[in-house]
Amino acid sequence: MFVVNDLGVNEPFGPMILSAILKQKGHETILGVIQQEDVIQKMSSWKPDMLAYSMMSVDMGDMKKFNDALRQKTNIFTLLGGSHATLERSCINDPGIDAICVGEGDEAIVEVVDHLDKGNGKDIETIPNIMVSEDTPLNLNNFIEDLDTLPFMDRELVYAYPQMARFGIKGVWATRGCVFKCPYCFNNRYNRLYKGKGKIVRRRSVDSMIRETKELVQNYRVEFIRIQDDAFILKVDDWLKEFAERWSSDIGIPFYCLLRPESVTDELAFYLKKAGCFSICMSIEAADDRIRNRMLRRQANKEQLENAFRIFKQHKINVYANTMLALPFTSLDHDIASIDFAIKVKPDMPNFSIFMPYPGTDLGDYCQRVGIYDSKKEDIHFGMRNMSPLTCFTKKEREAQYNICQLAIVAVKLPFLRNLIVNHLLYWRPNKIFFIIHYLFAIRAYGKKIFYFKHTLGEYIDLFIRTIKHYLYDFFRVSEGNKLTQRSKTLNEGYTKQSTRWKIQELEKCLEAMTGSQIATTREVVPIGK
Ligand code: B12
Ligand code: SF4
């Protein structure tokens, strides 16, 4: 039984692909969703032999609560995979977890299930990518090179949930891997972990992607497609040209995908439009050149960013753009400069999120190393719409950053309100009215500009209920996540007494550390505990 924390509007591709592989080998699978059903009850009627958790770091708090309760009742074998287990491998120390899968699980999961079937669970640590304790030497399989050998995802696993089946937006994928080195992202360390184990970016054939999408369209309701790859297209090549031809003729459904701004050319936008691209996601991350290009190792300069936005406007492709706030040792002026840049380039959906120092990333580890982040897990198990867990900001700064998250979208959409927001509202106490204003602006921008399709009235109501539920869930976690732990509070008091000059020096050091290669890499290739 696969277990995920929640199902939002995006399907969990990891379990869907692993489930398809297991079914191909004759095994049976089912899904359990911690936030949506009584998984323990479902287990007692379905009687699985193994629980296969697929979790991101944000899910780990909820997952642990569930698993601890489960452990009071049963001794079922538990295997944890996904991005958290891959980068934060010390999670194997949790006595409730029997094994973790590091990296790609496509081959490993079959071997684990076979071992369990044969009753020799003891040898499981000999399976590549699997660790049963901190001392297990990490032996990784090579990256799967030919993605066409993978089966199509098991959609039924997720669409057995009626709200997922009837939702008009469905996801597909074309590539695995991303070559960029963004220090706040999983991929940078992931690639180092897999160094020498194959090509980082692998792409399935257009034919395979089209056949899977056709099957999807024949069997389920599909009005709009989300291509979930980290960076879908990097340049104009034969693959893109073939994709543009075949998607428009064989599928003909509008889609959304993610790109890097420096890859954008007029020709690339032309082929995307030709294929039927309706919207794209392309991040700004920070307006300040040094922060964007040195701390965040992004490669586009301001002109390239402006140019990319202009090109998409010309081709009538809508843009969803992320910007990160509260980066280590930055000031509110940096964040306000990011609002102003977004006002200039006018993304159709401007999203502002608080930087979270995810474990096992270069920037996350740096924050720990210099003592501005308390790794006590309560802090990180929240999304990017909480106050910053970094202790280098004053309470006033943390509140203002949080308000930017809520109100920057209003400043971008209605620039005449920019001064009111930047000079006054940002400094108000965070409140529920700002939260609701954000919800209304975001839902409209997503619905009209990014994931647009014609909804029936029933669907509008359904979507409203689902998104409001999601937001309320966030809303209550936000209040909880906004509290600093006791240790962080003490650290915070110390840091906030420091001078501006000290902060500027620390910012310089951080820029230097992220630009250079001398970054703590304890979790890289060496197995933990060695
Ligand atoms: C699509 C996506 C989403 C989607 C859907 C996520 C989902 N339900 O799967 C949405 C938009 C909801 C999302 C949200 C967020 N995401 Co996201 N997301 C991704 C993305 C781009 C692709 C995931 C994917 O489908 N990959 C393809 C599949 C095939 O790969 P996979 O899931 O990794 O599975 C493979 C292995 O991991 C393994 N595996 C996975 N599960 C299991 C289980 C078992 C038992 C085994 C054996 C193996 C195994 O085998 C699989 C096949 O090889 C990844 C980036 C990435 N490259 O993975 C980020 C990523 C997972 N997201 C990330 C983050 C941070 C977030 C957010 C917290 C951001 C935010 N806004 O706050 C939110 C969390 C929302 C929440 N729950 O509160 C981080 C996670 C970092 C971490 N340490 O956990 C990633 C890695 C990107 C990054 N910036 O580094 N995300
Ligand atoms: S481009 Fe995106 S997916 Fe790739 S490393 Fe950077 S943040 Fe991660």
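Of all residues in region 101-112, how many are more than 8 Å from ligand 1 (Cβ to nearest atom), outside any helix (DSSP H, G or I) and among the hydrophobic types (A, V, I, L, M, F, W, C)? Even if it seems obvious, please write down each step before you answer.
Going residue by residue through region 101-112, those that are more than 8 Å from ligand 1 (Cβ to nearest atom) are 102, 107, 110-111.
Still in the running and outside any helix (DSSP H, G or I): 102, 107.
Filter once more, keeping what is among the hydrophobic types (A, V, I, L, M, F, W, C): 102.
Counting residues in region 101-112 that are more than 8 Å from ligand 1 (Cβ to nearest atom), outside any helix (DSSP H, G or I) and among the hydrophobic types (A, V, I, L, M, F, W, C) gives 1.
From the residues in region 230-264 that are of a type in the set (Ser, Thr, Tyr) and under 26 Å from the mean Cα position of the chain (by Cα), which one is surrounded by the fewest Cβ atoms within 10 Å (Cβ to Cβ)?
Ranking the candidates gives Ser263 first.
Among the residues of region 224-233, what is the count of those that are under 17 Å from Ile200 (Cβ atoms), of a type in the set (A, V, I, L, M) and in contact (Cβ under 8 Å) with a residue 40 or more places away in the chain?
Total meeting the criteria: 1.
So, Leu305, is that one among the hydrophobic types (A, V, I, L, M, F, W, C), assigned to a loop (DSSP other than H, G, I, E, B), within 16 Å of ligand 2 (Cβ to nearest atom) and under 23 Å from the mean Cα position of the chain (by Cα) or not? Outline the logic, then answer.
Numbers: among the hydrophobic types (A, V, I, L, M, F, W, C): yes; assigned to a loop (DSSP other than H, G, I, E, B): no; within 16 Å of ligand 2 (Cβ to nearest atom): yes; under 23 Å from the mean Cα position of the chain (by Cα): yes.
Criteria not met by Leu305.
Scan Ala411, Ala442 and give me the residue that is under 17 Å from Lys346 (Cα atoms) and at pLDDT below 95. It would help to see each step written out before you state the result.
Numbers: Ala411 fails: at pLDDT below 95.
Answer to the check: Ala442.
When the residues of region 75-91 are narrowed to those that are more than 16 Å from ligand 2 (Cβ to nearest atom), in a helix (DSSP H, G or I) and not aliphatic (A, V, I, L, M), which ends up surrounded by the fewest Cβ atoms within 10 Å (Cβ to Cβ)? Break it down stepwise before answering.
Taking region 75-91 as the starting set, the residues that turn out to be more than 16 Å from ligand 2 (Cβ to nearest atom) are 75-81, 85, 88-91.
Remaining after also requiring in a helix (DSSP H, G or I): 85, 89-91.
Filter once more, so that each one left must be not aliphatic (A, V, I, L, M): 89-91.
Working: Arg89: 22, Ser90: 13, Cys91: 21.
Residue satisfying both the conditions and the ranking: Ser90.
Could you list, in sequence order, all residues of region 27-74 that are of a type in the set (D, E, K, R), farther than 25 Å from Asp114 by Cα and either within 16 Å of ligand 2 (Cβ to nearest atom) or outside any loop (DSSP other than H, G, I, E, B) (or both)?
Asp59, Asp62, Lys64, Lys65, Asp68
Tell me which residues, restricted to region 182-223, are part of a loop (DSSP other than H, G, I, E, B), touching a residue at least 12 places away in the same chain (Cβ under 8 Å) and surrounded by fewer than 18 Cβ atoms within 10 Å (Cβ to Cβ). Explain how you work it out, then say what you get.
Start the filter on region 182-223 by keeping residues that are part of a loop (DSSP other than H, G, I, E, B), which leaves 182-185, 194-201, 204-205, 220-223.
So of that shortlist, the ones also touching a residue at least 12 places away in the same chain (Cβ under 8 Å) come out as 182-185, 194-195, 197-201, 204-205, 220-223.
The answer is Lys195, Lys197, Gly198, Lys199, Ile200, Val201, Ser205, Tyr220, Arg221, Glu223.
Any residue at all in region 175-190 that's more than 15 Å from ligand 2 (Cβ to nearest atom), of a type in the set (Phe, Trp, Tyr) and within 22 Å of Gly360 (Cβ to Cβ)? I'd like the intermediate steps shown before the answer.
Step one: filter region 175-190 for residues more than 15 Å from ligand 2 (Cβ to nearest atom), giving none.
No, the conditions are met nowhere in region 175-190.
The values are calculated or read from the model by the stated rules, or taken from the named source; none is laboratory data. Quick caveat, the model's predicted, so the values are computed rather than measured. Methodologically, a virtual Cβ is constructed for each residue, glycine included, from the backbone with ideal geometry; neighbour enumeration extends over all protein chains shown.
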